[in-house]
Every structure is written in structure tokens, then in C-alpha cells.
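Asker: Once you've had a glance at the structure underneath, I'll fire off some questions.
The values are calculated or read from the model by the stated rules, or taken from the named source; none is laboratory data. Please read all numbers here as calculations on a predicted model, not as lab measurements. All Cβ positions, even for glycine, are placed from backbone atoms using ideal geometry, and neighbour counts span all protein chains on display. These area figures cover heavy atoms from the full protein model, side chains too; ligands, DNA and RNA do not enter into them. Shrake-Rupley method; radii C 1.70, N 1.55, O 1.52, S 1.80 Å.
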Amino acid sequence: MRYCSSTPSTAESPVSLRRAVADGLAPGRSLYIPFDIPRIPTALFNNIAGFTLQEIAYMVADTFFGNELAGGDVKRIVDETLSFDIPLRRVRPDLYALELFHGPTMAFKDVGARFLAALTPRLLRSRDTIKVLVATAGDTGGAIANAFYRHPGVEVYIVYPMHKMSRVQTAQFTSLGGNIHPLALTGTFDDCQSLVKGVIEDRDFTERYSVVSGNSINVARLLPQTFYYFHGYARLVEQGLQPGTPIVVSVPSGNLGNLTAGVIASKMGLPVKRFVAVNNSNDVTARYLATGQFEPRPAVKTLASSMDVGSPGNMQRLQALYGHSYSAMAAEIVGAGYTDDEIADTMRQALAESDYLLDPHSATAYRALCDTLAPGETGMFLATASPAKFHQRVEQVTGRKVELPPALTAALSHRPLTQRIERSPEVLKSLLSHD
Ligand SMILES: *Cc1c(COP(=O)(O)O)cnc(C)c1O
């Protein structure tokens, strides 16, 4: 598969996976998208329930990456990535949770991060140290740190907004040391993202120092997120859905990487009736879908803090995937946004009615299905984080005691190692080039 820029004006020819991963950003701060999205044969959907997560992921990964990786590598990368299960749970008769949080850092970011960590060394075959640079609003930092921890020849730099994330989230990457370098910025996630893009867009620099992006701007982090949409569908069929029936998919959204992967899956043939893009109070995407006006604004802090994004980076990819037509996008994606009070009510309600414990992020997507699913429709929402990861908030809201897994308790007991960073690409570059 080849990749092109999400802004159509550029007269550049499509690039290889290797180029897209090494560059991170396409020219002019735009993002790479698949140039030619492959279709999955319809016949496959009739038999899809017979395949495991790993088999489905391998089939999808091979159609994306098969021609650029050595034989056997796609399989090895998929197996290294998906060393955990992604169960589908029935919460109500018509409504299912796809639990993406059973990986090592308990949020869906593990899928993209682990794929990137397995792919990058095999793809780049660099003799120099590879430097992974990433901005995080919460869960990306932990996932990338865990995926690359102690990988020989890789140094990881994580830029995060100070005092904006949960203790567990921060501890997951500030407790490790070694090749993991946390960098704390005074500001919001959007400031972190902008700082990191300021470095990634300097191709001479990233080439010279082998810097790659660990964010979903990197196609190698974005595309593996398509796997579990197919897997979720397979598990629905296994539980009785008629093969081919279009479903409603609800996605807790911030930077829109997860939703973008879902839209790519639907363009590959996955039967989706509509997507619901669900925001917290940072409802820039929901407003755009309702009005056609895209108006980024500073993010505010919410209960679902990993979705506290005021300027969703993958919007330009979504627009490109819909041919830059608002009406085409609005025909397939509806928006929703929930306040902290609504999120908290939803968490209490799901526990009381269905005995299902939600974390605040997943709660937004569950709520959107409860509010919009029509009779006869089947809804699947992405449960993006484990309640244990946000145990304090979950306990406060629901009164239910949540056990902290041993790995998280251990992370919390370490003294955090971190360094402050200024909001200047030049300062960050000098740090990357001297280490
Ligand atoms: C990152 C994250 C989101 C938002 O995903 P995007 O791909 O940025 O839209 C939602 N929930 C959790 C738990 C996350 O970590």
C-alpha cells in the first residue's frame, strides 16, 4: 500500500510505508493517508466468525504491509503486538462493549504502540539509534513507553502536559528510566502536540537523527487500529449477528485516531451503518458534525481526560477520506458530547442496570449508543480504558472499590523521573540531538 498527503493540492506522488513512517508528517504539516485502500472480499465476512483476533489482524495487516516487509515479518509483528485478548461483552441485548484495554497499560493505545515497536526496527533497519518522539494526553505515553522499554537502539521522548493526567497514567512512563525520557510541559495536550509537530516537520533534522513519531500521525500507529473493528464484527457474528448486517459503532474520541481507523475499516468493506464520534465537553468534533464549522478551541480538563483535545489532529485525515465533503462525512458519522455530570451518571447507571463497570472514556461511547440506538440496530462501543486505570475517579463516581493491578501499584511506588521542557522546538531539538 502507498500513502499520500491528506491535503490534495500537493502534486507529490504517493510514498512507501518506509517513507511515511520515517517522515511522520507529509509536507506542510499534513498527514499521510492510504492512497489506495484495499477491499476485503465480501465472502470473508460470511466466514469471519471462524477466525481469531490474531488471524484477522494478520489478514488485514498483510493487505496493508505485505508487499514491504520480508516474508514472515508481518506475522511476527502481529503476534508480538496482540499478545492479549480483546473480548466483546454484551452489556444490553442490543449493545456490546469491545474491551480494548486488556493489554499491558490497560488502554487501547497498546495496540498501535506495540505494533509500532514491533514494526519500526524491521522496517527502518537503522544503524543509528532510533528516537521515538511522542506527545501524550494520557495513555499514549504509557503505551509507547511500555512497548519500547529496553528495546536496544531506541530512545523514547514523551512530552506531556504537567498536572493534567491521572497519577497512574503519569507513573506508567515516569517510573521506568532507562531509554524512556519523560518531558513535562506547562500547557495543554494541544501545546505538546504542536511542539512535537514542530520537530517532526523538520525533515532534515528527523532524517539526520532518526527521529520518528510515536503519535497517530504515524501511519504505523494508526492502521493497526483497524484490526479490532473487524475482530469486533467477527465476535458479533459469533454471538448471532447475521453476517453482512451493518452495525452502529460508537467511538470515544479525542484526537480522532481511533475513529479514523474505523472509517478506513468501513472503506475496506466492514459493514457499518454509522459511526458515533463521542466527545466529552471538548466537543469540537461533535459540533463540526452538527454544523459543518470546524472551530478548534483550548481544551478544558474533564473526567475523561485522555479525550481532552481542543484541536483534533486527525480531522484532516477524516476530511480527506470523505473527499473533503462535509455532507459525505456527516452522512456516515454523527457526533455526541457529554459533560462530566452526564459521564458520571452514565457510569452509575450502567453499573446499576447492567452490572457493567465503565471507565469515564468508555462511558461516553456507551451513553451515545443508549441515546441514539434505534430498535433493531446492533451497537458496539469501544471500551478504550480499563476502570482500574482510572480507579480513583471510578471509585469516587460509583462507590465501587476497584483493585489496582500489581504492575500499576509497582509503578506508583517508584519515584517519578522527569524533566521540564520549554515550549520551543529548538530546545527539544537540541535535547534530541545531544542525547
Ligand atoms: C486516546 C484515548 C481516547 C481518544 O482516542 P483518539 O484516537 O485520540 O480519538 C479515548 N479513550 C482513551 C482511554 C484514550 O486513551
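Asker: Given region 69-224, what whole percent of its Cα pairs are spread farther than 29 Å? It would help to have the intermediate numbers written out before the result.
Answerer: On the way: 2257 of 12090 pairs.
Here the long-distance tail beyond 29 Å is 19 percent of all Cα pairs in region 69-224.
Asker: Please work out the Cα center distance from region 271-340 to region 91-144, rounded to the nearest Å.
Answerer: 22 Å
Asker: What does the convex hull of the Cα atoms of region 221-272 come to per residue, in Å³, rounded to a whole number? Let's see the in-between values first.
Answerer: Numbers: hull volume 3.4 nm³, N = 52.
With only Cα atoms used, region 221-272 gives 66 Å³ per residue.
Asker: Stick to Cα atoms and the Kirkwood definition of Rh, then tell me Rg/Rh for region 212-330. Mind showing how you got there, number by number?
Answerer: On the way: Rg = 14.7 Å, Rh = 15.1 Å.
Rounded to two decimals, Rg over Rh is 0.98.
Asker: Mind ranking 264-271, 69-76, 250-257 by how tightly packed they are, going by the mean number of other C-beta atoms within 10 angstrom, highest first? The partial results should precede the final answer.
Answerer: On the way: 264-271: 19.4, 69-76: 14.0, 250-257: 28.2.
In decreasing order of mean packing, 264-271, 69-76, 250-257 become 250-257, 264-271, 69-76.
Asker: Please work out the average accessible area per residue across the chain, using the 1.4 Å probe convention, and give it in Å².
Answerer: Details: 16350 Å² over 435 residues.
Roughly 38 Å² per residue, with all protein chains present.
Asker: For the chain, take N as its residue count and report Rg(C-alpha) divided by 2.2 N^0.38 Å.
Answerer: On the way: Rg = 20.1 Å, N = 435, 2.2 N^0.38 = 22.1 Å.
Against the compact-globule rule of thumb, the ratio is 0.91.
Asker: Ignoring ligands, DNA and RNA, please state the percent of accessible area on region 119-278 from carbon and sulfur, probe 1.4 Å. Don't jump to the answer; show the numbers that get you there.
Answerer: Numbers: 1980 of 4410 Å².
Percent of accessible area from carbon and sulfur atoms in region 119-278: 45.
Asker: Suppose a student asked you for the relative contact order of region 1-118, using Cα pairs under 8 Å spaced at least 6 residues apart; what percent would you report? Intermediate values should be presented prior to the final figure.
Answerer: Details: 119 pairs, mean separation 21.4, N = 118.
That works out to 18 percent.
Asker: Find the all-direction average of the projected area of the Cα convex hull for region 336-378, expressing the result in square nanometres with one decimal place.
Answerer: Working: hull surface 12.4 nm².
So the mean shadow area of the Cα hull is 3.1 nm².
Asker: How about residue 131: which aspartates and glutamates have a C-alpha closer than 20 Å to its C-alpha, ignoring those fewer than 8 places off in the same chain?
Answerer: 23, 110, 139, 155, 201, 202, 204, 207, 422, 426, 435
Asker: Based on alpha-carbon atoms only, what is the radius of gyration of region 11-85 relative to the globular estimate 2.2 N^0.38 Å?
Answerer: On the way: Rg = 15.0 Å, N = 75, 2.2 N^0.38 = 11.3 Å.
Taking the Cα Rg and dividing by 2.2 N^0.38 Å, one obtains 1.32.
Asker: Related question: Order of 32-43, 193-204 by packing, highest average Cβ count within 10 Å first?
Answerer: So the order, starting with the most tightly packed, is 193-204, 32-43.
Asker: Spelling out what I want: for every residue of region 38-53, take phi, set θ = phi - 60°, compute 6.51 cos²θ - 1.76 cosθ + 1.60 (Karplus), and round to whole Hz; glycine and proline get x.
Answerer: x, 8, 8, x, 3, 4, 4, 5, 6, 10, 4, 5, x, 9, 7, 3
Asker: Suppose a student asked you for the relative contact order of region 282-435, using Cα pairs under 8 Å spaced at least 6 residues apart; what percent would you report? Spell out each step's value before the answer.
Answerer: Numbers: 151 pairs, mean separation 24.6, N = 154.
Computed over region 282-435, the figure is 16 percent.
Asker: Which whole number in µm²/s is D for region 271-380 by Stokes-Einstein, with the Kirkwood Rh taken over Cα pairs at 10 °C and 1.306 mPa s? Each step should come with its number before you reach the end.
Answerer: Numbers: Rh = 14.7 Å.
Approximately 108 µm²/s, per Stokes-Einstein.
Asker: Report the Stokes-Einstein translational diffusion coefficient (µm² s⁻¹, integer) for region 49-102, Rh taken as the Kirkwood radius over Cα pairs, at 4 °C with viscosity 1.567 mPa s.
Answerer: Working: Rh = 12.7 Å.
Using the Kirkwood radius from Cα pairs, D works out to 102 µm²/s.
Asker: Any chance you could list the semi-axes, whole Å, largest first, of the equivalent ellipsoid that the Cα gyration tensor gives for region 346-435, using √(5λ)? List each step's numbers first, then the result.
Answerer: Values: eigenvalues 280, 87, 21 Å².
Working through the eigenvalues yields semi-axes of 37, 21, 10 Å.
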